[in-house]
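The values are calculated or read from the model by the stated rules, or taken from the named source; none is laboratory data. Just so you know, these numbers come straight off a predicted model, no measurement behind them. Using ideal geometry, Cβ is built from the backbone for each residue, glycine included, and neighbour counts are taken over all protein chains shown. These area figures cover heavy atoms from the full protein model, side chains too; ligands, DNA and RNA do not enter into them. Shrake-Rupley method; radii C 1.70, N 1.55, O 1.52, S 1.80 Å.
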Amino acid sequence: MHSKSDSVQSSAEALRYPWEQHPGPEEVVEVRPGVLWVRLKLPFRLNHVNIYLLADGDGYAMIDSGFGNEETIEAWTKLFEGPLKGVRITRLIVTHSHPDHVGLAGWIVERFNCPLEMSQVEYLQSVYHQNRGTEERRNAQRLFFRRHGMDETLTDKLLGRGQEYLKRVSVLPASYRRVSHGDEVVIGTRRFKVITGGGHALDQMMLYCADDKLFLSADQVLSKISPNVSVWAVEPDQNSLGEYLASLASLTTTLPYDALVLPGHGVPFYGLKTRIKQLADHHEERCRLIADACREVPQTSSQLVPVVFHKHVLDPHQMGFAAGELIAHVNYMLVEGRLTAQEKDGVLQFRTT
């Protein structure tokens, strides 16, 4: 028998979206006193990124900066000349190294003469992305894709337009302030615990304010889509999906069910633990599809991509993400003992155990 308190908690755990509508261009929404929400456009299928501004003394701390292109600079300029006129940015906190989050870090830091705060791994990863276009690294990426069964034509596309987005960042500041897991960060009158997690990025930073039950989840927990969890040539045997699922499990045990979640994409929501279960179930379903496909005949990653990603026609940009995510699931299943790998003519094939 369930008690009344059980049913109340169950109801509170249901997914709820207090703001079904996102901020429009040149618009700022206050989601809590001293917590502002801005939405910037992105030039691909995931067409937006959320930026949050937290009251911080006589200004605001900015959480992430947006994509590194002229359109984003124009959007910020209009905001700083409009609803954010006179606002001073006291510091820029970047959650992770992906260009839709760190892309304009250099521009923001220079404009406001403010410090950049990141985890050490994510700052160094940002530096890596800016300098990854050497011939040696391109050759390593080529061999990585070929080993997973991608033909030369597809590999050329993945190394071309499929990776271009990584370059869309302004020049990074030459120095930063390191923020680490377990740190306490004071922003204005609020105290936030720093939580980092792997999977989507190597050491993505999240912030939790216990007094306000306010959780800035970055891209680790999104409201309506699943964050990309991939493996790349620089660490071909990485168990990124295992790291991601471990991070989700940790969040489930350490955060309350009724926190307001402010994600990097989508809309703010309640129902954190429900959403985490949905995300974990989503990845388990993909693992089941892979296991079924590899049960009778060994399959390459290239052959498995359409098994998992069959709902959309993928352009090179999307195909790069799909291939990386497929390999993440394969690596996870190898670690878990659910697949075995064999190599034939230099190409990996996988079979269900």
Q) Do we find a residue being crowded, with 23+ Cβ neighbours inside 10 Å and modelled with pLDDT of 95 or more anywhere in region 126-135? A) no
Could you say whether any residue in region 34-42 is among the β-branched types (Val, Ile, Thr), over 20 Å from residue 99 (Cα atoms), crowded, with 20+ Cβ neighbours inside 10 Å and modelled with pLDDT of 95 or more?
yes
Filtering region 301-350 down to residues that are within 18 Å of residue 241 (Cβ to Cβ), of a type in the set (Val, Ile, Thr) and over 22 Å from the mean Cα position of the chain (by Cα) yields 307, 335, 340
- Query: Is it true that some residue in region 248-255 is within 24 Å of residue 59 (Cα to Cα), touching a strand residue (DSSP E or B) at 6+ places or on another chain (Cβ under 8 Å) and polar (S, T, N, Q)?
  - Reply: no
Flagged in region 318-353 as charged (D, E, K, R) and open to solvent by less than 60 Å² (accessible area, probe 1.4 Å), in numbering order, are 325
The residue that is most open to solvent (accessible area, probe 1.4 Å), considering only those in region 209-225 that are more than 15 Å from residue 258 (Cα to Cα) and assigned to a loop (DSSP other than H, G, I, E, B), is 224
Reported set for region 297-312 where residues are touching a Lys or Arg at 6+ places or on another chain (Cβ under 7 Å) and among the hydrophobic types (A, V, I, L, M, F, W, C) is 308
